[in-house]
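Okay, structure first, notes after.
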Amino acid sequence: MTDKPSTLDQLESRYTEMIGFTPPKIAKRLKLGMQVDPELVTALEDWRIAALTPKALDQKTVQLMSFAILLVQTSEAAANHAKAAIRAGATLEELHASAAIAALFRGVAAFNLAGEILSTLFPEG
C-alpha cells in the first residue's frame, strides 16, 4: 500500500493519460471509493497501473492484449483499451488481428463486439 492515498484527480489523470478520458463507470467507482476507503482504492489503482505498465512490454502490446482479453469476456471495457491502443500507436489492422485472436477463443460474439467498437473508432476504415 502507498503511504498516502492519491487524490481523486490523480487517479483520474491515470485514465486520461492512458485512454484520453476517465470512463463514467470508473469515475463513479473512484469517487465513491475515495469517499469510503481511499487506501483500498489507491492500492487497487496502483496495482492496475503496475500491471498495465510492465517494463517487459510496450504500451501498444499491453493495450492490444487488454483489448483481446476483454473481447473474450465480451466486456464493454474493450472499447477503452482499443482507444488506449490507438493512443499507443496501434492501427486498425493490429486491432482487427487482436480481435481475430479473441474470436478464436470466444467465437463470433467477440468479433461482433470488435466490429462494433472498431467501426466507431475508424468510421472510414
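Each value in this text was obtained by applying a stated rule to the coordinates, not by laboratory testing. As the structure is a computational prediction, the values presented were derived from the model and not from experiment.
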Quiz item: Once phi is turned into ³J(HN,Hα) by the Karplus curve 6.51 cos²θ - 1.76 cosθ + 1.60 with θ = phi - 60°, what whole-Hz value does each residue of region 114-119 show in order, with x for glycine and proline?
Solution: 4, x, 4, 5, 5, 5
Quiz prompt | Volume per residue of the C-alpha convex hull in region 59-121, rounded to whole Å³ | solution = 59 Å³
Quiz item: Relative contact order, percent, of the chain when contacts are C-alpha pairs under 8 Å separated by at least 6 residues?
Solution: 21 percent
Self-check item: Relative contact order [Cα under 8 Å, 6+ residues apart], region 8-52, whole percent
Solution: 34 percent
Self-check item: Over region 1-87, equivalent-ellipsoid semi-axes from the Cα gyration tensor in Å
Solution: 23, 15, 11
Exercise. Work out, in µm²/s and without decimals, the Stokes-Einstein translational diffusion coefficient of region 8-52 at 37 °C, 0.692 mPa s, Rh from Kirkwood over C-alpha pairs.
Key: 314 µm²/s
Quiz prompt | Between region 101-115 and region 8-81, the alpha-carbon center distance in angstrom | solution = 22 Å
